[in-house]
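The values are calculated or read from the model by the stated rules, or taken from the named source; none is laboratory data. Treat the numbers as computed from the prediction; the structure is a model and nothing was measured. Note that we place each Cβ from the backbone using ideal geometry, even for glycine, and neighbour counts take in every protein chain shown. Areas reflect the complete protein model, heavy atoms only, side chains present, ligands, DNA and RNA absent. Shrake-Rupley method; radii C 1.70, N 1.55, O 1.52, S 1.80 Å.
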Amino acid sequence: EDLVSASIAQQRFNMTLLVALALSAALLAAVGVYGVVAYSVTRRTAEIGVRMALGADADRTFRLVVFGALKVVLVGVLFGLAGAVVAGRSLQNLLFGVPPLDVLTFLVSALVIVAVGAGAASLPALRAARIDPVSALRQE
């Protein structure tokens, strides 16, 4: 058991490092999306207040904010996938046993990024859905 553990120690360390870096990247992406959407909601408080005063319900306001953020996230995912395809083809000589265009990996990565973006955008969207129209209009 010790011999097997010692023989895969380097691979285990590499995978642990890779997972830690991937989680750090996802956390940074979530913080970035959260910050941009929270700033947008703060800047659009009066507009959201007018929408709610004219009859938009909380669910509709929530969807407006989240789908607005997801549009930007999807554009980023498309550019990222295009860059990954180009990088995969140019690094094809360095990839051993891994296809440069692994569709399943690209799809799972894109879905994880979209899910992280949606989760990060949902917190400011909840805050936007709870805006009181009267106080929002009074601030303006």
Q: Of the conditions (1) surrounded by 15 or more Cβ atoms within 10 Å (Cβ to Cβ); (2) out of contact with any Gly (no Cβ under 7 Å at 6 or more places or on another chain), LEU18 clears all except one; give me its number.
A: (1)
**Q.** Candidates PHE96, PHE79, PHE67 - the one that is of a type in the set (Phe, Trp, Tyr), at pLDDT 90 or above, open to solvent by 60 Å² or more (accessible area, probe 1.4 Å) and over 19 Å from THR42 (Cβ atoms)
**A.** PHE79
(Q) Looking at the structure I just gave you, is ARG130 among the charged types (D, E, K, R) and over 27 Å from ALA30 (Cα atoms)? (A) no
Q) Does ARG60 qualify as being within 22 Å of SER122 (Cβ to Cβ) and open to solvent by less than 80 Å² (accessible area, probe 1.4 Å)? A) no
Q: Kindly check whether there is at least one residue in the range 35-45 that is surrounded by 15 or more Cβ atoms within 10 Å (Cβ to Cβ) and touching a Gly at 6+ places or on another chain (Cβ under 6 Å).
A: no
Q: Answer yes if at least one residue in the range 128-140 is open to solvent by 50 Å² or more (accessible area, probe 1.4 Å) and within 14 Å of the chain's Cα centre (by Cα), and no otherwise.
A: no
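Sort out which residues of the range 73-107 are β-branched (Val, Ile, Thr) and in contact (Cβ under 8 Å) with a residue 24 or more places away in the chain, and write them in order of number.
So the first thing to find is which residues in the range 73-107 are β-branched (Val, Ile, Thr), and the list is 73, 75, 77, 85-86, 98, 103, 105.
Across the range 73-107, the qualifying residues are VAL73, VAL77.
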